[in-house]
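See below for the structure under consideration.
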Amino acid sequence: KNIDAIQIFRRSIAVDPNYANSHVGLGLTLHNIFRYEEAKDSFNIAISLNENLEHAYFCRANTYLSLHMNEEARVDYLKSIALKPHNPPAYNNLGTCLNHLGLFNEAAQSYRTAIEQRSDYAEPFYNLMSVKGVDFYESEITDVLAFCDDPKTAKVDKMYLHFALGKHFEKCERYDESFFHYNAGNEIRKNSSNYDFGNDLKLFKNLKTD
C-alpha cells in the first residue's frame, strides 16, 4: 500500500510540482516505511513552497525525531505550534523531544499542555511518566483512573493509561497496584490485532525507572 501511495503522490507531483500537500503526502508515506532522509527532503520542498503549512513542520519534526535530530525537531514543533496554537499532538511530541534533550521540566510542561488542550488524550499521560523526576498530580491520577473506567475510552488509550498508572504506583512503591495496571495494559496490548513483542519492549523501555 505504501509503495502504491508513493507512486500516486509522485504522479501528482509530476502534474503539479508546486502543490505543497502532495510533497507532504509523499513525505508521510516515505516516513512510514522508514525512509527518513527522503521523507525529510519531501517536507523541505513542501515548506519551500508554503512556509505557513503547519502540518509540514509537524511532519518534518517527527522525521527529525526519528533521525535523533532533536534540536531540529524542537524548532519545527515550535513552528507548528506558532502556526496552530491549539495543537495537542505537537505539544505531546515536543515533550518527547525535550525529554530526549534532557529538559525534563520543559518536557513535563509540554505534555501537560497537550493534556490541557485535550483532556482525553491518553498518550501524553503515558509519556509524562517517562520523564525523570516527574510524577502525576493528584488531579491527574483521578482523571486517568476515570478514563480507565470509562467504557467509551478506546482500548489503545486504556493501554497507555494503565501503563502510566503502573509507572506511577511503582514510583510510589505501591507494587501490587503497579503490577495490576502493568498487567492490565499488557493484556490489552497482547489482545490487539497488531500485537508486536518488539513494541512491548519499547513501551517498557520508555517506562524504565531511572
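Quick notes on this structure:
- When the stretch 1-56 is filtered for residues that are in contact (Cβ under 8 Å) with a residue 12 or more places away in the chain, polar (S, T, N, Q), farther than 25 Å from residue 83 by Cα and open to solvent by 70 Å² or more (accessible area, probe 1.4 Å), nothing remains.
- Among residues of the stretch 104-135, those that are open to solvent by less than 10 Å² (accessible area, probe 1.4 Å) and either without any contact (Cβ under 8 Å) to a residue 24 or more places away in the chain or over 14 Å from residue 161 (Cβ atoms) (or both), counted: 6
- Screening the candidates 78, 101 for the property of being touching a residue at least 24 places away in the same chain (Cβ under 8 Å) and over 13 Å from the mean Cα position of the chain (by Cα) yields one hit, 101.
- Filter result for residue 94 (open to solvent by less than 20 Å² (accessible area, probe 1.4 Å), more than 25 Å from residue 68 (Cβ to Cβ) and aliphatic (A, V, I, L, M)): no
- Scanning the stretch 105-156 for residues that are of a type in the set (A, V, I, L, M) and in a loop (DSSP other than H, G, I, E, B) returns 129, 131, 134, 154.
The values are calculated or read from the model by the stated rules, or taken from the named source; none is laboratory data. Note that the coordinates shown come from a computational prediction; the quantities given were computed from them, not determined experimentally. As a convention, Cβ positions derive from the backbone with ideal geometry for all residues, glycine included, and neighbour counts pool all protein chains shown. These accessible areas exclude ligands, DNA and RNA; they are computed on the full protein's heavy atoms, side chains included. Shrake-Rupley method; radii C 1.70, N 1.55, O 1.52, S 1.80 Å.
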